[in-house]
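The structure appears below as structure tokens.
The values are calculated or read from the model by the stated rules, or taken from the named source; none is laboratory data. All values reported here derive from a predicted model rather than from experimental measurement. Note that each Cβ is placed from the backbone with ideal geometry, even for glycine, and that neighbours are counted across all protein chains shown. Side chains are part of the model used for accessible areas, which takes the heavy atoms of the whole protein and leaves out ligands, DNA and RNA. Shrake-Rupley method; radii C 1.70, N 1.55, O 1.52, S 1.80 Å.
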Amino acid sequence: MPCPQTTARLGRSLSRIPARALSMLAPIALLAACTSVTLPPWTPSAPRPAASAPASSAPAAPPAAVQISPVAPPVTMGTPPTGPTYQPTPYSAAVAARFPAPSVVYNTPGLQAGRTTFTTQAEIQTWLHDQAVSVSRSAGVKAAVLPIGQSQRGEALEALILTRATGTDPTTLLATGRPTVLLVGQQHGDEPAGSEALLVIARELAQGLLQPLLEHINVVIVPRANPDGAASDQRATADGLDMNRDHLLLNTPEAQALAKLTRDYQPIVVVDAHEYPVAGRFLQKFGTVQKFDALLQYATAANLPEFLTKAAEEWYRRPLLVALKGQDLSTEWYYTTSTDMADKKVSMGGTQPDTSRNVNGLKNIVSLLIETRGVGIGRLHIQRRVHTHVTAITSVLASTAQRASELNQLRPYIDKEISAEACKGEAVVEAATTPAQHELVMLDPVSGADKPLMVDWDSALALRSIKARARPCGYWLSAGSTTAVDRLRLHGVQVLRVAEPGSLLGDSYRETSRAAGERQDVDGTIASNNPIIKVQVSLTRGVIDAPRGSYYVPLNQPLGNLVLAALEPDTQSSYFANQLLNGLQSTVRVMAEPNIKLEELP
Ligand SMILES: [Zn+2]
């Protein structure tokens, strides 16, 4: 992997930082070695066939090759993970020829020759513990398996901590001054490649060729965030919720575990490893199968600080493109299309503050989504899918090592910037993507040839403000708002308690309309257990009584934008809409610095 970034470009990009942050413009010392990390040659393998477009003389596949059929039989929860759970989608040989296996062979338990199932939960646990035991102690590396929670069916959720600190607890890691990277796989149970790839990454960091990176970074790995879904080869968690729309609400124990891990270890970068459907809706709508090895996107939610996006783009995505191209792997922005067959629009990942990608952005973390082409094709191309994730994640780790000092400056700068915005200007309550046209290259399902299509494209790179309000100083919450308070604190939000009765100047919400509804994302309706309350509101300024035992959530804190996303009630992602708050009257926007006695919560 070449050193992907020039100091000249970096200097330009950061030159717009205000003068008070000039320390960031101090000569930017690239790490001496430029942290050039090559992909390890794990296992010898046969020479790699060239990836090329199919010759025109290639025999046409039989019509059955593009038959639209369910890939997997319906799976009910409780089905034991024995034997093959699905067959690959009918898929033409010419398409398959576009995706030759990589020149390396990965050999996690689930990738062994002859296997019909991916790595089981028990095998993942053994693998992680093996890494902790066999870690390169001579190189000063420490590793530990940390229990972080339990799935709905009682499976252990575990993280592997890898560091050269003297211990593996959060305080000791933070004291190293090295940035921490959190890698998360398989939030969606039917997307196995990220999980298998993270086992490879774990081993190579613990005792292999990626281990030198630990001189510059700490790494926390959760290979399988949704073991129940994985055991049943289904997207959702056991109760049918999409945990990757639950990262603000934290209704699932799986999302809670990741929130707590993030709060405690304070990663500077989070990678969320997924897979996307190869045929499915695209075959039905456009008569195509999908081409790109990797779809990439960073956080695109309202109110994100500009320099967080710049860091994601310039320090991470651009090197990622170079790294993937270097392995003959193709890339696009992340995109999807709705379940409505009449809707031919293609959308980038959306703006809602509910996914790992967006919620971690609101925590001022460089947040990266990596998706490989894998949903619905069983084990087809699995080595290539894993190789794509390994290549991408290796690039992210290397970029973090290379940019460690700048990242360590950027984070406190952004935290301070957001805190300083409290009581000032406007905050966006709701943002929308921008309609555009985009040429998207897909594949002909029979010939495998490139099929460029001009599509209506919702761009998340340019957000429009749909609804904005004056940014309050903070929010008052009624004493009964304990569920919301607990969830905010799980995110690491500072919540204070009113110690003596007092009064506050604030804007109360008055309901002007109400309807029941369901949360929507760019795919359609979000899998959820409860309808949401969709309200429209007006604001009334006044002095309100703040009784002892009620709460105050200040916005002059680094997670101020996450608080806004949770507490403005008239959005589909809010704590009010999702019934984590008892009513509109339990929240008041506090519009002047409170002059009341507040105390920390225990
Ligand atoms: Zn997914």
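Couple of notes before you dig in:
- Those residues of the range 209-223 which are open to solvent by 20 Å² or more (accessible area, probe 1.4 Å) and either within 19 Å of the chain's Cα centre (by Cα) or of a type outside the set (A, V, I, L, M, F, W, C) (or both), in sequence order: GLN211, PRO212, GLU215, HIS216
- Candidates VAL543, VAL535 - the one that is without any contact (Cβ under 8 Å) to a residue 60 or more places away in the chain and touching a Lys or Arg at 6+ places or on another chain (Cβ under 6 Å): VAL535
- Condition broken by PHE292, with the remaining ones in (1) closer than 21 Å to LEU324 by Cβ; (2) touching a Gly at 6+ places or on another chain (Cβ under 7 Å); (3) within 16 Å of the ligand (Cβ to nearest atom) satisfied: (2)
- Screening the range 366-383 for residues that are away from the ligand (no atom under 16 Å from the Cβ) and buried (at least 23 other Cβ atoms within 10 Å of the Cβ) and picking the one that is nearest to GLU191 (Cα to Cα) gives HIS381.
- Any hit, the range 112-119, residues being within 29 Å of ALA238 (Cα to Cα), within 23 Å of the chain's Cα centre (by Cα) and at pLDDT 95 or above: yes
- Test for PRO412: is it open to solvent by 40 Å² or more (accessible area, probe 1.4 Å), without any contact (Cβ under 8 Å) to a residue 12 or more places away in the chain and not in a loop (DSSP other than H, G, I, E, B): yes
- Residue in the range 259-277 that is farthest from VAL219 (Cα to Cα), counting only those that are touching a Leu at 6+ places or on another chain (Cβ under 8 Å) and within 16 Å of the ligand (Cβ to nearest atom): TYR276
- Of note, GLN290 does not satisfy the criterion of being under 23 Å from VAL181 (Cα atoms), touching a helix residue (DSSP H, G or I) at 6+ places or on another chain (Cβ under 7 Å) and of a type in the set (S, T, N, Q).
- Among the residues making up the range 155-176, a single one is assigned to a strand (DSSP E or B) and either within 16 Å of the ligand (Cβ to nearest atom) or among the acidic types (Asp, Glu) (or both): GLU158.
- Strands (runs of 3 or more DSSP E) wholly inside the range 244-355 that include at least 1 residues being in contact (Cβ under 8 Å) with a residue 40 or more places away in the chain and farther than 27 Å from VAL446 by Cβ: 269-277, 294-298, 346-348
- Subset tally (residues that are buried (at least 23 other Cβ atoms within 10 Å of the Cβ) and in contact with a Ser or Thr (Cβ under 9 Å, 6 or more places away or on another chain)) for the range 296-307: 5
- The range 246-287, subset at pLDDT 95 or above and polar (S, T, N, Q), residue surrounded by the fewest Cβ atoms within 10 Å (Cβ to Cβ): GLN266
- Test: residue in the range 500-507 that is assigned to a loop (DSSP other than H, G, I, E, B) and at pLDDT 95 or above: yes
- The range 177-205, subset assigned to a loop (DSSP other than H, G, I, E, B), open to solvent by 10 Å² or more (accessible area, probe 1.4 Å) and away from the ligand (no atom under 11 Å from the Cβ), residue nearest to GLN121 (Cα to Cα): ARG178
- Identity of the residue in the range 217-232, away from the ligand (no atom under 13 Å from the Cβ) and not in a helix (DSSP H, G or I), that ends up farthest from LEU174 (Cα to Cα): SER232
- Test: GLY287 is within 16 Å of the ligand (Cβ to nearest atom) and over 17 Å from the mean Cα position of the chain (by Cα): no
- Hey, THR237 of a type outside the set (A, V, I, L, M, F, W, C), away from the ligand (no atom under 13 Å from the Cβ) and on the phi < 0 side of the Ramachandran plot or not: no
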